[in-house]
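Q: Here it is, the structure in full.
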Amino acid sequence: MTRLEHRVYELTVGQLAERSGVAVSALHFYESKGLISSRRTAGNQRRFSRDTLRRVSFIKVSQRVGIPLSQIRDALATLPEERTPTVADWARLSEAWRSDLDARIRQLERLRDDLTDCIGCGCLSMSKCALANPYDRLGDEGPGPRRLLVPKGAGDAESRPGGGADADCGDPCAPRN
């Protein structure tokens, strides 16, 4: 990796790509979406300020945990453009996403824990789902993996559309009366 001199305040797109580990095409995409910005030289080449490295790292980490680019862009828009974001800046941004991340973690844990069970996919497999989803009760709730998409605690009649399959009992696959 090319070592940057301390007095270098701007990076070419190639230097930014090398230092950040992000493809040049991704950097161009981020710029087109307003996540990062550059200035143009007299020769029409992009130049990025050094603080863009930190922004690109923040984008990568945020994407890795599932934050949509639109939310990342909104968060980055609250940061000052003329200085490198501080630890306090990053703490403020990450705190705003804490509840969303906690909800996503709960959903992933539920997915992990329920993956060996019926997911309510509607396959009606004679070997398995005839036992786990008799009478295709979950099919009445709509398409898709119904049991894994509904958040835990949303199984009560009040919070499920149309009362939900388990509105009358604890077993969503039990025959209806």
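We did not get these values from a lab; they are worked out from the coordinates using the rules stated. Not measured: the values here are computed from a predicted model. Cβ placement follows ideal geometry from the backbone for every residue including glycine, while neighbour counts extend to all protein chains displayed.
Q: Can you tell me which residue is nearest to LEU76 (Cα to Cα) among those in region 97-109 that are of a type outside the set (Asp, Glu) and exposed (fewer than 13 other Cβ atoms within 10 Å of the Cβ)?
A: Taking region 97-109 as the starting set, the residues that turn out to be of a type outside the set (Asp, Glu) are 97-99, 101, 103-108.
Right, trim to exposed (fewer than 13 other Cβ atoms within 10 Å of the Cβ) and you get 98-99, 103, 105, 108.
Details: ARG98: 16, SER99: 19, ALA103: 22, ILE105: 23, LEU108: 26 Å.
My answer is ARG98.
Q: Which of the numbered conditions does ARG112 fail, given that it passes all the others? Conditions: (1) over 15 Å from the mean Cα position of the chain (by Cα); (2) surrounded by 11 or more Cβ atoms within 10 Å (Cβ to Cβ).
A: The failed condition is (2).
Q: Can you list residue pairs whose Cβ atoms sit under 6 Å apart, with the first residue in region 41-67 being touching a residue at least 40 places away in the same chain (Cβ under 8 Å) and the second being surrounded by 20 or more Cβ atoms within 10 Å (Cβ to Cβ)? Count only pairs 6 or more apart in sequence or on different chains.
A: THR52/ILE36; LEU53/SER20; VAL56/SER20
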